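For reference, the structure discussed in these notes is given below.
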C-alpha cells in the first residue's frame, strides 16, 4: 500500500540557516536589536531563537563569503512519517542524502528545491530548557518573556526567490503535502508568487519570482509578533537603531498580515509581522490574484517598493558560495 | 486494518446551538451589540456568523423554555473520515443517530458526551456567499469587514460544564482524536478542567467541573477578536449598552488568551477573546496546573470571580427542557 | 495698560467649515463611514461632531460650487479675553467684522489670515446635550461611545496651504498668541511649513507651502482617534468602503503623530490620527527641520507621496467661490 | 493691582521625591523593570526620568527609615509668576521657605499642603541633554526610545492621601490656580476624593481620603505609557519579574484612564497608565461622583480592591521620619 504525502505530515517550519559576510555584526543585531536569544555556537555558526520558540533554535547564522540562505528545515510530525516522506521523495527521483544529528536536531534528509534551495526534513528535535531567570512564570510558555529589543514571539515563515515559481509550488504541494493558500498568476499564466502552508496559518513558506538570473536565492525570513502595536514599536526600535527599513509597516493583501521589512547587517532582508487569518476549512481553495489586482498595491494602497521585487540575497553580481 | 482517530481528523468546531428563553432579545443583542450577521431563520431558530467565518453559520439561537446549549457540532475533514469516525464511535458502543441535512450543513451524526451534551459530526457544509455590500475587497476573506458593534472575527471555542471532566477529556481524546493541551488536576487527582484542541490553537473545546448536580450544562461560547485592543473596545461597547460584564478584560493563565465575559439577554455567558499561543510541536504534552497554582488567580493576579465557578446555563434551579 | 496676546488666550480650535460640491454625499460619508454625529442643519450647511467633542459642532459642511475651506474658528478662553484679542487685532490694522450668533456659537469676529483664509474668534458656545441612547454611562464624557464607522474621538487640527508660510506663522504667533512648535525651513531660509498650538498638543493648526498660485487653500482637517489600533481599523473601513487613501498609516516625523489621509466625496483631504507628544515645558523652542532632514521621508522612512505636496482644495484649475 | 493665581500659572508637575527603606533595590527596580534612566546621584538620593521627560529628573528616590513621599514639586511657567505665586501664598498666611538651587532645578519655595505634604514651586530647571547612544533620531524628542523594561514615556501624576480632601482641594484651586476636574462626594457632603489639573490633562494631582489617622501620606505616583497595549505589556513584565500587581489592568471611571498598580521594592505604590481625556473647554465644571455611583466599581465593573482604600505609605503602624 503506497504512502502519499498529505497536509499535516510536515508539522512546521523548523529553522532556517542564513549566510552572512558579517557574522559578528549580524549576531549583535539579532541579539540586541531584534531581541533573539542565543542557544549555542559551533565553529562557524551561531544558533538563535525567539522567546516563545519551543525548539532549541529557529535561526542558524553562518559566516560566509556572501549573504543568502543556507538551508530551510521542516520538522515532520513523527519518525515514521519522516521515513515515509523520504521514501516518497526517492520514489519520485529526488536526490538527497541523510546528515547525522547536529546542533539542535537529529538526523535530517537534505535535498534541493527545483530552484536549488537546500531543504531538510527531520523529526528528532532538541527543546529549549529554560534556566535561572529564563524560567517562565507560566509553564505553558517555553521561556520568560524578556522585554529586550523587538522581542518577537516565534519564527513565522520564509520567502524564497525562484526562477520557476510553478515548479516550486508543485514540488511543495505534491511531494511534501503542503497546502497552496494564495497565488499570483499573471494573465499569460505566468506564476509570479505562491504561498504554501504546512499548518493552519495562511503560509509557512512562499516563493516569489526572481527577476534576476541567479537561482536558489533568498527573499526574507519572518518572525511573528503578538500584535500590530508590537510591529509599530519595532519600527521605532529599528529607526532609532539606524537600521534600514525597506517598507512598512502596512498590511499585505496576501495573507492579510501586518508587515515591516528591514535589512540585517549581513544584507539579508528580514520581516517582523503580525495578524493574518487562520485557515479552518479543510477544503480551502487557493486564492489567485491577477496582475491587475496586484497593481493596486498593498492592502491600504501602499505601492510595493521596487527593491522588494529586485533585491534578494546574495546580490546577483555576487553569486556567492553555497554550501555543498 | 482498523481506523483509529488521530489529531486533525476533526477539522474544527463548526457551530453551536444555544437555547434562549428570550429569542428576540438575544437575536437583537447578537446583531446590534456583538455585531454578528444573520444567515437565515427556521421555525424556531436564527442562524448567525461572524464576518470572517467561512461557514454559513457558527451560532444557532433557538427559542426554548430555558437557557443552555442545544448541541455542539464539529466539522470532520472529509466525507471518508466522517464515515470512519462514526464507525469507530459505533465500535466503541457510543449510541447516536444520523440526522438529515439541515440549515447550513449536510447529514450529521448526533451523539452525546459522557456528561450528556449533544454533539454532532458532519462534513458537508454550506459556505457564506457574500452579496452586494458584503462582497469583500479582499478575496481571501469571506465578507467585507463591517464596523458594526463589537464585530468579532470568527467563532473560537466552546466551554462546557461537566460532572466528570476526566470522562469528557478521555472521550474527546480517544474517540475523537483531539489533543489535550492543558488541564487542572487537584492534588487528590480530581480533574477540575480540561482544554482540548482539534487545531493548532491552544483549545477549541474546554470542560470545566460543574459545582452543581445538573448534567450537560453550558459554561460559555467564545468569538475571537483580532487584537486585545478590540477586546478593550468591546468592553466599552458592552458597558455603554448596559450589558453585564462578569469579569475581564484580563489575561488567562491557561491558553494565555485575553478574555472578557458577559451575559447575553437569554442568560448565557459569552466571551470575546484574543491572543494566546499556537501549538507547533506535534509532540505537545498537556500542561497540568495544580490547585495551588490556580489559587494565584489569572495571569496578572486577578482573582477569578465566584460566579465563574458557579454560574452555568440552564440555572440549576431550572433544569430546563433539552432537545431530544 | 496694554494687552498683548499670550499662549492660552485661545482655548482651542473650535470648528471648521468645509465646502463641498457634493453636500449630500459628503454628509453620508461623514455619518456612515467616518462615524460623526449630525447636530443640526441650516439652509445650506450640515453641522457635525465627533462623539467626545463637547461643543455642538466641530465640522460645518457647506454646499458650494467647489471644495475648500469656508472658515476656521477658534474659541477664546473668556468673553473678556475675546474683547481684548479683537481690540489687539484692530490696533494692529487687521480688518474684520463681528457676526451675529449663529448655529452653535455666539457672536464671532471674522477676519482673514495673511493668505486670505477666513478665521473667526468667539467665546460663547453651545454644548452638546445628549438625549436618549446618546446619554453616556460616564458623566465625564459628553456622549455615549457609538461603534459606528470609524468613530473618531474629537476634532484635532487643521492644516492650511499658504503662499507665505512665514507671514501666517508670525500672524498666529504674534497676533493670536499661539506657540510655534515645529517648522520646516529650507537652507535659503524659505519657510515650507509651520506648526502652531493653542494648547499643550504638538499642534492645533499648521501651514504648508502651497506649490500652486492660488491663495487661501485647504490642505486637510484631522479628527483624533484614541489609539494607533483605531487608525489601522480606520484604514480597513476606508478600504472596504472604496475611499481613496492617499497615504498612511505611518508616523509623522513632525509631531510624532500616527496618520492616515483620505479624500472625502467632495474632494477635500481629511486625516484620522493618534498619538504624538504633549508639550509640558513652558519654554518650548520650535524644532526646525531642514530640507535634508525632510528628504528622509516620514518617521519610519516612507517617502511622502507627491500629491501631498500638490493637492489642495479647491483644485487650482477651479479657483472656486469663497464666501464673502 | 493684586495678583491672583489662575489656571496655567503652574506649568506642570515637575518631580516627586519618594522615600524608600531599600534604596538599592528600589533603584534597581526602577532602572531594570520600569525602565527609567538615571540622571545622577547625591549623597542619599538617586535621580531618574522617563525617556521622554524633558527635565533632568522627574523622580528622586531617597533612602529613608520608611517609605512615603518626600516632596512634590511643580514647575511654574515663568520666574515672574513664581514670585507672584510665592507672594500670594505669603499674603494668605502660608508659611514656607526658599531652598537654594539643587540637583535638577533652581531655587524652590517649599511649603506644606493642609495635610502636611511637603510641596515645592520652582521655575529654573535643568534639561536632559542626550549624549552618545541617547541622542534621538527625532529632534522633537528629548531622548532616543530605549526598549528596556516597561519604558514609560513620561511622568503623569501623583496621588496623595489626605485626612481633609476638601481642604487640599481648595488649597490647590484657590492658592495654586489649579482646575478641579472630578470629585467624589458622599451623600453627607463628605469629600472622598478630588482630582486637579495644572494642564489640559484630566489630572496632574489627586487627593484621596486617608482611612487611617496619619497625615501627609502617599498613595501612588504614575508614569504614562503611549498606549493601552503598552500597559498590557507592562503587566507581563511585572508578572514575569514577580512584582506584586495590586489591581488592573482596567479602566478608571474617573479620568477614563487605563491603569495598572504595583508596589516597588520599598513598598510604595506606583502606576503605569494610558489614555484618558483632554480638557479643551475653558469652562469645564467638576464632575462629581456619588457614593452610589462609585459602588459600581471601575469602568468595566471591576470592584476596587480593598487595599486600594487602605494601603498607603508609610504604613500607619510606622509613622516614619519625614524630612524637615
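Quick note: the coordinates plus some simple rules give every number you see, no bench work behind them. Since the model is a prediction, treat every value here as computed from it, not as a measurement. Glycine gets a Cβ as well: all are built from the backbone with ideal geometry, and neighbour counts include every protein chain shown.
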Taking square-rooted eigenvalues a ≥ b ≥ c of the alpha carbon gyration tensor, is the stretch B:132-206 rounded, prolate or oblate, where a/c under 1.5 means rounded and, failing that, a/b exceeding b/c means prolate?
prolate
Determine Rg/Rh for the stretch C:6-110; Rg is computed over alpha-carbon atoms and Rh is the Kirkwood hydrodynamic estimate from the same atoms.
1.01
Can you name the chain D residue with its Cβ nearest the rotation axis from D to B, and give the distance in Å as a whole number?
D:229, 3
Could you work out [θ]222 nm for chain C from helices alone, using -39500 (n - 2.57) per DSSP H run of at least four and dividing by all its residues? Round to the nearest 500 deg cm²/dmol.
-4000 deg cm²/dmol
Taking just the C-alpha trace of the stretch B:143-251, give me its Rg and Dmax in Å.
16.3, 51
With an 8 Å Cα cut-off and a minimum separation of 6 or more residues, compute the relative contact order for chain C in percent.
19
If chain B were replaced by its equivalent ellipsoid, with semi-axes equal to the square roots of 5 times the Cα gyration tensor eigenvalues, what would those be, largest first, whole Å?
26, 25, 20
Fraction of alpha-carbon pairs in the stretch B:168-324 farther than 29 Å apart, rounded to whole percent, equals 19
What residue among B:186, B:262, B:138 shows peak mean-square fluctuation when chain B is described by a Gaussian network model with Cα springs under 10 Å?
B:138
Note down the Stokes-Einstein diffusion coefficient of the stretch B:196-284 in µm²/s, whole number, using a Kirkwood radius over alpha carbon pairs, 10 °C, and 1.306 mPa s.
111
Shielding score for A:299-307, defined as the mean number of other chain Cβ atoms within 10 Å
4
Copies of residue C:129 compared via label points 7 Å along Cα→Cβ give distances in nm, shortest first, of 5.3, 5.8, 7.4
Looking at the protein assembly as shown only, what percent of DSSP beta bridges run antiparallel? Nearest 5 please.
75
From the Cα gyration tensor of the stretch A:49-116, with a ≥ b ≥ c the square roots of its eigenvalues, which class applies: rounded if a/c is under 1.5, or else prolate if a/b is larger than b/c, or else oblate?
oblate
Between the modelled labels at residue A:102 and residue D:308 (7 Å from Cα along Cα→Cβ) the distance in nm is 5.6
Using alpha-carbon pairs under 8 Å, 6+ residues apart, how would you state the relative contact order of the stretch D:223-292 in percent?
30
Gyration tensor verdict on the stretch B:87-159 (Cα atoms; rounded if a/c is under 1.5, prolate if a/b is larger than b/c, oblate otherwise):
prolate
Using alpha-carbon positions, what is the distance between the centroids of the stretch C:15-48 and the stretch D:22-63, in Å?
51
From Cα coordinates alone, what are the radius of gyration and Dmax values for the protein assembly as shown in angstrom?
31.8, 104
Ranking of D:115, B:187, A:283 by count of other Cβ atoms within 10 Å, fewest first:
B:187, A:283, D:115
q = 0.21, 0.22 Å⁻¹, the stretch C:236-324: log10 I(q)/I(0) [Debye, one scatterer per Cα]
-1.12, -1.16
Sorted from shortest, what are the nm distances separating the label point of residue D:106 from equivalent points in the other copies, each placed 7 Å from Cα along Cα to C-beta?
3.8, 7.5, 8.4
If you rank C:141, A:260 by fewest surrounding Cβ atoms within 10 Å, what's the result?
C:141, A:260
Among B:209, B:144, B:228, determine the one that fluctuates most according to a GNM of chain B built with springs between C-alpha atoms less than 10 Å apart.
B:144
Working note, the stretch A:150-194: Cα radius of gyration (Å, one decimal) and Dmax (Å, whole number) are 13.1, 43
Shortest first and in nm to one decimal, what separations exist between residue A:315 and its copies in the other chains, measuring from label points 7 Å along the Cα-to-beta-carbon line?
4.4, 6.6, 7.5
Candidates C:239, C:20, C:247; GNM for chain C (alpha-carbon contacts under 10 Å) flags as most fluctuating C:239
Taking the number of other C-beta atoms within 10 Å as the exposure measure, put A:123, C:145, C:3 in order starting with the fewest.
C:3, C:145, A:123
For the stretch C:99-255, what relative contact order do you get, as a whole percent, if you take Cα pairs closer than 8 Å and at least 6 residues apart?
21
Per Stokes-Einstein, at 20 °C and 1.002 mPa s, what whole-number D in µm² s⁻¹ belongs to the stretch C:97-138, with the Kirkwood radius over Cα pairs as the hydrodynamic radius?
172
